[in-house]
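No lab work stands behind these numbers, since they all come straight from the coordinates. Bear in mind the structure is a predicted one, so any value in this text is a computation, not a measurement. So basically every Cβ, Gly included, is an ideal-geometry build from the backbone, and we count neighbours across all protein chains shown.
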Amino acid sequence: MRREPPRTLADYAPIAFPALMLVIFFVVPFSTMIAVSFFQRDPAGFYSPAFTFANYERFLSAFFGGVLGFSIMLAVMVAIVCVLVAFPFTWLLTQASRRVQIVWLVAILSVLSLSEVIIGFAWSTLFSRTAGITNLLVMAGLMAEPQALMPGFGAVLTAMVYQALPYTVLVLYPAIVRLDPTLLEAARTLGASPMRAFLNVVVPALRNTIMATLIMVFVFALGSYLLPQILGRPQHWTLSVLITDQAIYQSNMPFAAAMAVFLVLMSLALVGLTLMVGSQREERT
Amino acid sequence: MSGLALQDVSKRFGDFTAVDNVSLSIPHGTFVCMLGPSGCGKTTLLRMIAGLEEPSTGTILLDGTDITPIPTHKRDFGMVFQSLALFPHLNVGDNIAYPLRIRGVGKAEQKKRVAELLDMISLQGYAERPVAKLSGGQRQRVAIARALALSPKLFLLDEPLSALDAKLREAMQVELRQLQQKLGITTIVVTHDQREAMTMADLVVVMGEGRIRQAAPPVEIYRKPADAFVADFIGSTNLLSVGADGALLGRAMPSLAMATRSAGGKLSIRPEDVQLVAAGSGMFAGTVSFVRDLGGTIETFVDVGGTTVVAISTPRERTPFKAGDPVDVTLPLESCVVLKG
Amino acid sequence: MSAATLRRIVFLLVALFLAGPLIVVAGVSVNEKQSLIFPPEGFSLAWYGQIFTDPGWRSALVNSLTLAAASAALAVMIAMPLAWFLWRRIAPWARIFQLLGVAPFILPPVITALGFLTFWATVGAYGQPWTAAISHAIFFVTLPLVTLSLGFSSIDRSLVEAASTMGADDRTVLRTVVLPLILPYVISGYAFAFVLSLNEYIVAYMTVGFTMETLPIKIFNALRYGYTPTMAAVSIFFVAVAAIVFGLIARFGDLPRLLGALSGDRD
């Protein structure tokens, strides 16, 4: 087979269906959303065409500014906790036998695919007064009587870490598994303990990977929508919650769209940053 | 005209010229080895013959018909790839039957032909075996049988034996040559191993930098290399430049030195032709600088006025020299070849 | 402390964290009475039966399975020709479609969901069940796209060349060589999309949330009106389905390789 540029119409044919589907059902909806963000709210229907910056102006209020600040702070915390836990874990995982790795990967994929609803429900049960872990502490005599650990910030953070941790492991896994094992062996023969070798060789060698992962997990956590609702109080609601709230319950689609566009821009900027970090890494190797 | 003919074939990839204006004719039934260092264009040339690459310019003729525009799948050539390219999802029998299946040959006929081919490669009863369960040599044979299943007009092999260990490779070379002689099929093998080429070929085509440097029978290539590149690539040789030791050479062999200087090139003499004699009784006086005793042969490195000359002898011929021994070197006139630059 | 001990401790802690909530949910799912108590009191599998016998839960289950099966199939149908084209042809411009296929998965899901909501509302199809299938297919097309791209890149091109020297034209090569070799990747791409679609909430909610209940939507709605052990049973049922599907992928495919490791040669 010669791999060559398509020449005839028939050569182009295979890409027609995917291209059409992606353009009609992703590019067009996305553009529609951007357009709607400049439209007016129509209490009778969804919206009416206009060209106004009112939706964006409204977003720049103290309240929404506060929500944005909280969303970012929450996502940053989730990203940091996840990478701190996932990095050493993933590294240890890649050192394990192939069989152990596969069992873990199946488990991690299963948790990753879990619906946000189920994660929220599971943690709300675990943090509840009647069926929560505090019951175990009471049984062990460490606590006088069971109590509810939610709603609260701690509950939201824990559940979001739970949701993002499998994702973090899977983002880190390819980079770590491909790390040249002789690097570490060399460090060991030069007299470094396993812990020192890990800190002095593995971590610096993957510095860019860690940065990129932080950003990817940050964007992932930014999308969390149900957990703050199920496990938090209204002050713990994120931008994603507000967007849905405006779109569905307040029927203010233009405003929801404006917030979404803002979220996209922020995410895109961060993904761009990830790619830049990634290309730097390639230049170095 | 009968046989395969390449006429002014070139292949360029962007700025890089992989094959540079190659012309060659190969009569039917010939075993050809394309020989050259990696990157010399030999594989690209083979792929153009197979139709896997399109020549940038030039034509390829088979029995006088231009086959350049014919796509690979209509050329009816058998090809063995460097990776062997056995289909991992098919067993041995289905791999061999693949070309028959594509042509719509009947099931019974397929089975019969597969049995014949397995017989030919001495793998009777292996039809149901998965490819992954075969040894390197067995895989090699299956790839060959598959390529020959349709009795192709041309049998092409791209570095077919490179994955095998040295012993097996030598055995397969003999097997391949015998098979080709039995079938009488025109065969082109690409290789970088000159021993392999010498073992199998009727015609050796030495390539360098995209051009054919010499196309001749193996012994002629060895005895009468066309230029310094060929002499150096085929076996080992002493290349003596007339500039550096011209005075020395001129004194001993004036006619040869003249010829070499006028050709602007070098003088080549094979190490086994160099004679080492007792000091004072030969052409040039030298000092032994290093001795490599390989058991079966002994390579003696002699420093002659700043130029190193290597001589190969067998232990029976004479007792080995030691480094530092004075020795005289004699170059028999009939073994010296003058090479163009 | 030896490296092996350290590893065991870290693995244990992570395992506890990941499994903890699920253990509690599994516990409450077998409570005899309809109450949220852990450790469970009594033992009953009645709540699991409810998934299939209660009309509300059963229709949500059927909706979810239908949606997941249809959208995963559509996602594979979009990804397959695209990945094949990118592998078969030299066409750098076509990479833009690859990027489009990956984008919905990287952006926060609420954005894609809102995009679909405005789109379906604008074309007047809002609330139709099939809109959810298309939306999920686009949302999850990344998964088959990634597995298939990986699958194609793992096909040795000399296999294709060998087939053509033996007389196979482009279509025959596709049928006899490429498809059999790519099949495991098609299946795993389908399975990934299927499981994720089964669990997806926000896109389904924004497109058909008021007309059709999928299981995640049903759980969330039920959660608002109070607790029933069936939720716990459904959750465990979902975890089991995911674990079985990924376990099968691991059994018949090379999971570490699918997840980005080079060929798994460490044993």
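To make sure I understand, if each residue's beta carbon is the centre and we count other beta carbons within 10 Å, what order do C:Ser158, B:Ser281, A:Ser128 fall in, fewest to most? Mind showing how you got there, number by number?
Working: C:Ser158 19, B:Ser281 9, A:Ser128 23.
In order of increasing Cβ crowding within 10 Å: B:Ser281, C:Ser158, A:Ser128.
Helix-derived [θ] at 222 nm for chain A: sum -39500 (n - 2.57) over DSSP H runs of at least 4, divide by residue count, nearest 500? Kindly include the intermediate steps, with their values, before the conclusion.
Numbers: 14 runs with 195 residues, N = 285.
Rounded to the nearest 500, it is -22000 deg cm²/dmol.
Report the one residue of A:Tyr162, A:Leu149, A:Trp123 whose Cα lies farthest in the direction of the positive end of the charge dipole of the stretch A:117-216 (charges on C-beta: Lys and Arg +1, Asp and Glu -1; origin at the Cα centre).
Result: A:Tyr162, furthest along the dipole toward the positive end.
Taking H placed 1.01 Å from N in the peptide plane, check which residues at least 5 places from A:Tyr47 or on another chain put their amide H under 5 Å from its amide H.
A:Asp42
Kindly write out, for the stretch B:281-293 in residue order, the coupling ³J(HN,Hα) from the Karplus curve 6.51 cos²θ - 1.76 cosθ + 1.60 (θ = phi - 60°), rounded to whole Hz, with x marking Gly and Pro.
Running phi through 6.51 cos²θ - 1.76 cosθ + 1.60 with θ = phi - 60° gives 10, x, 6, 10, 8, x, 10, 5, 9, 7, 10, 10, 9 Hz.
If you place +1 on the Cβ of every Lys and Arg, -1 on the Cβ of every Asp and Glu, and leave all else neutral, what size is the dipole of chain C about its Cα centre, to the nearest 20 Debye? Let's see the in-between values first.
Numbers: 15 positive and 12 negative charges, 50 e Å.
For this selection, approximately 240 debye.
Sort C:Lys33, B:Lys42, B:Lys153, B:Lys11 by Cβ crowding within 10 Å, fewest neighbours at the top.
On the way: C:Lys33 11, B:Lys42 29, B:Lys153 16, B:Lys11 22.
So the residues, fewest neighbours to most, are C:Lys33, B:Lys153, B:Lys11, B:Lys42.
When the helices in chain C are scored as -39500 (n - 2.57) per DSSP H run of 4 or longer and the sum is shared across all residues, what 222 nm value do you end up with, to the nearest 500 deg cm²/dmol? Write down the numbers at each step before the final one.
Values: 14 runs with 198 residues, N = 267.
Taking each H run of at least 4 residues, the total per residue is -24000 deg cm²/dmol.
Using a/c under 1.5 as the rounded threshold, could you call the stretch B:84-129 rounded, prolate or oblate? The axes a ≥ b ≥ c are square roots of the C-alpha gyration tensor eigenvalues, and prolate needs a/b larger than b/c, oblate otherwise. Before the final figure, lay out the partial values.
On the way: a/c = 1.82, a/b = 1.08, b/c = 1.68.
Oblate shape, in that a/c is at least 1.5 and b/c is the bigger or equal ratio.
Ordered by residue, what ³J(HN,Hα) values in Hz, to whole numbers, does the stretch C:231-244 give under the Karplus form 6.51 cos²θ - 1.76 cosθ + 1.60, where θ = phi - 60° and Gly and Pro are x?
Rounded to whole hertz, the list is 4, 4, 4, 4, 4, 5, 4, 5, 4, 5, 4, 4, 5, 5.
Which percentage, to the nearest 5, of the DSSP beta bridges contained in chain B is antiparallel? Write out the running numbers ahead of the final one.
Values: 47 of 65 bridges.
Counting only bridges with both partners in chain B, antiparallel ones make up about 70 percent.
Using only Cα atoms, find the angle between the long axis of helix B:254-263 and the longest principal axis of chain B, and express it within 0 to 90 degrees, rounded to the nearest 10.
On a 0 to 90 degree scale, this one is about 50.
Return the Rg/Rh value of the stretch C:55-258, two decimal places, where both radii are evaluated on C-alpha atoms and Rh is the Kirkwood radius. All intermediate terms of the calculation are to be shown ahead of the outcome.
Working: Rg = 19.2 Å, Rh = 18.4 Å.
Computed over Cα atoms, the ratio is 1.04.
Per DSSP helix of 4 or more residues, -39500 (n - 2.57); summed, then divided by the residues of chain B. What does that give at 222 nm, rounded to the nearest 500?
Values: 10 runs with 105 residues, N = 341.
It lands at -9000 deg cm²/dmol.
Applying the Karplus parametrisation 6.51 cos²θ - 1.76 cosθ + 1.60 with θ = phi - 60° to the phi angles of the stretch A:210-221, what ³J(HN,Hα) value in whole Hz is obtained for each residue in order, glycine and proline being reported as x?
Rounded to whole hertz, the list is 5, 4, 4, 5, 3, 5, 5, 5, 4, 5, 4, 5.
If a/c stays under 1.5 just call it rounded; otherwise compare a/b with b/c (prolate if a/b is bigger, oblate if not). Do that for the stretch A:49-182, with a ≥ b ≥ c from the square roots of the Cα gyration tensor eigenvalues. Mind showing how you got there, number by number?
Working: a/c = 2.44, a/b = 1.18, b/c = 2.07.
Since a/c reaches 1.5 but b/c is at least a/b, the shape of the stretch A:49-182 is classed as oblate.
Where Lys and Arg each count +1 and Asp and Glu each count -1, what net charge lies around C:Ala91 among other residues with Cβ under 13 Å from its Cβ?
Numbers: positive: A:Arg3, A:Arg7, C:Arg88, C:Arg89, C:Arg95; negative: A:Glu4, A:Asp11.
Surrounding charge for C:Ala91 is +3.
For chain C, take the longest principal axis of its alpha carbons; what is the angle in degrees between that and the long axis of helix C:109-123, to the nearest 10 within 0 to 90?
80
Just checking the output field for A:30-39: average partner chain Cβ neighbours within 10 Å of each residue's Cβ? All intermediate terms of the calculation are to be shown ahead of the outcome.
Details: counts 11, 3, 10, 9, 2, 2, 7, 2, 0, 1.
Across the residues of A:30-39, the mean count of other-chain Cβ atoms within 10 Å is 5.
Less than 14 Å Cβ to Cβ from B:Lys111, Lys/Arg counted +1 and Asp/Glu -1: what total charge do the surrounding residues give?
After counting each charged neighbour, the total is -1.
Hey, can you grab everything whose amide H is under 5 Å from the amide H of C:Gly209? Only 5+ residues off in sequence or another chain; H modelled, so Pro and N-termini drop out.
Hits under the 5 Å cutoff: none.
How big is Rg to Rh over the protein assembly as shown, alpha-carbon atoms, Rh as the Kirkwood inverse-mean-distance radius?
Values: Rg = 36.4 Å, Rh = 33.0 Å.
My calculation puts Rg/Rh at 1.10.
Dipole of chain A, Cα-centred, from +1 at each Lys and Arg C-beta and -1 at each Asp and Glu C-beta, to the nearest 20 debye?
Numbers: 15 positive and 11 negative charges, 121 e Å.
My answer is approximately 580 debye.
Give the percent of DSSP beta bridges with both residues in the protein assembly as shown that are antiparallel, rounded to the nearest 5.
Working: 49 of 68 bridges.
Here the antiparallel bridges make up roughly 70 percent for the protein assembly as shown.
Order these by the 10 Å Cβ neighbour count, fewest first: A:Thr52, B:Thr186, A:Thr189.
Values: A:Thr52 14, B:Thr186 22, A:Thr189 9.
Ordered by Cβ neighbours within 10 Å, fewest first: A:Thr189, A:Thr52, B:Thr186.
Compute the separation of the alpha-carbon centres of the stretch A:196-255 and the stretch A:3-75 and state it in Å as a whole number.
One Cα centre to the other: 20 Å.
Under a 5 Å amide H to amide H cut-off, with H placed in plane at 1.01 Å, what residues pair with B:Val80 once short-range neighbours are removed?
B:Leu156, B:Leu157, B:Asp158
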